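Here the structure comes first, spelled out in structure tokens, and everything after it is commentary.
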Amino acid sequence: MPFPPGLPTVLVTYQAASPAGGGPAVGTVRFAPITPVINLPEFGTAFTGSGTYRFNAEGRLVDADGNEGVRLLPCDIPGANPSEWVWLVTVNIVGAGPRSFYLRLSVQQTEVDLADVDQVDPTRAHYVVVPGPRGEQGLMGERGLKGDPGKDGSDATATPLGAAGAGPTIALRSDDPTTTDARTPLPHAATHGAGGSDPIDLSGLGLETEEGAQAKADAAEEAALAAAVSAAATDATTKADQALTEAVAAAAADTTAKVAEHAAATDPHGDRAWSTEQFYPLAWGNNLNGYLSDLLNRVAAVEGGTAFLTALNVLGPARVINAGLQVEGESGTARHVLDGAANKVGLYGATPVVQQTVTGSWSDGTALASLFNALVALGLVADDTTA
């Protein structure tokens, strides 16, 4: 398990014997924290690790790199969240049923031998192993009753002596070399492994396989994590909904109270008194809307041609851009027209014409006739002449 620099760890070692013959154990040990996430703010990280480790050829627990022992996180690191938790240890040794127990490690410890804490009754469902000091030796019990004397052997039948294996009715001599032969077995672990001459068949023993135990442990861990996440999500949703309801109710009540207070005030902004003197004095009455409506109707009538201004009084230059200016009499008869768009003029009811050009000669009278016709076209003079 990788750890950030400076994070305290405890080295956990273990050497287990095989229950079948007392030799090196074959199996695995799984370490998993009981909480899904351990936040470590001081080290800027969150720990979620768990792992399964094997025994080497000597039956010693080794890490993923083959180093003896496994480094684990202490359960009481200052500032951690949660502050108290334990490791779930699952030991699965071939030839023995898997067992699980809880282990609490402290920052005060540098190394813990799992064999020192693995003596607690593994048949209990859950227990937390905390190594303690060795107790004092207890008092010797009382001596038991003396048994009855045995037979004197007078009726014993002499058994012939012989070498080892001479037969079921031949006694073994006391100096037979087989009595002192340690019969140390030769290394033969390979013969019991896969592909060996005498492989161990676990199927007939009813033992849990490593893969099966790992699958169950992973499923239990995932189920616990899913249950914890679901419970946390439900609790967070309930609290968030409650907080939202309370906040909305409080805001609504506060808004209602402030609006009522504002509406009941005489002049909360001081603008009523100011506007009364600036726009329309209240003493004039409350008919401002009627006056405005009448004014808008009159302007619309002027613009629509259904009403006319009786006079036009302009103090500066009056401009009519790209349109005609027409002066009419009371009956609506056009008197004078200035057509800006067409650049034409018509006076005294004459049809508007462009600027007139006088031609001809003054000596023969044609220029004078041309000037007269131009004045008539503009409407400045009326042609009432005779031949």
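Multiplying the residue separation of Thr266 and Asp176 by 0.36 nm and removing their Cα-Cα distance gives an extension gain of 19.8 nm. Packing, as the average of other Cβ atoms within 10 Å across residues, places the peptides 245-258, 71-84, 37-50 in the order 71-84, 37-50, 245-258, highest first. With the gyration tensor restricted to C-alpha atoms of segment 32-117, the semi-axes of the equivalent ellipsoid amount to 25, 14, 12 Å, longest first. A straight Cα-to-Cα reach below 19 Å connects Lys258 with none of the lysines, residues fewer than 8 places away in its own chain not being considered.
Across segment 230-236, rounded Karplus estimates of 3J(HN,Hα) from the backbone phi angles (6.51 cos²θ - 1.76 cosθ + 1.60, θ = phi - 60°) give 5, 5, 5, 5, 4, 5, 5 Hz, Gly and Pro being marked x.
Each reported figure results from applying straightforward, stated rules to the coordinates on display, with no laboratory input. Small disclaimer: the values here were computed from a predicted structure and weren't measured. Neighbour counts run over all protein chains shown; Cβ positions are idealised from the backbone, glycine included.
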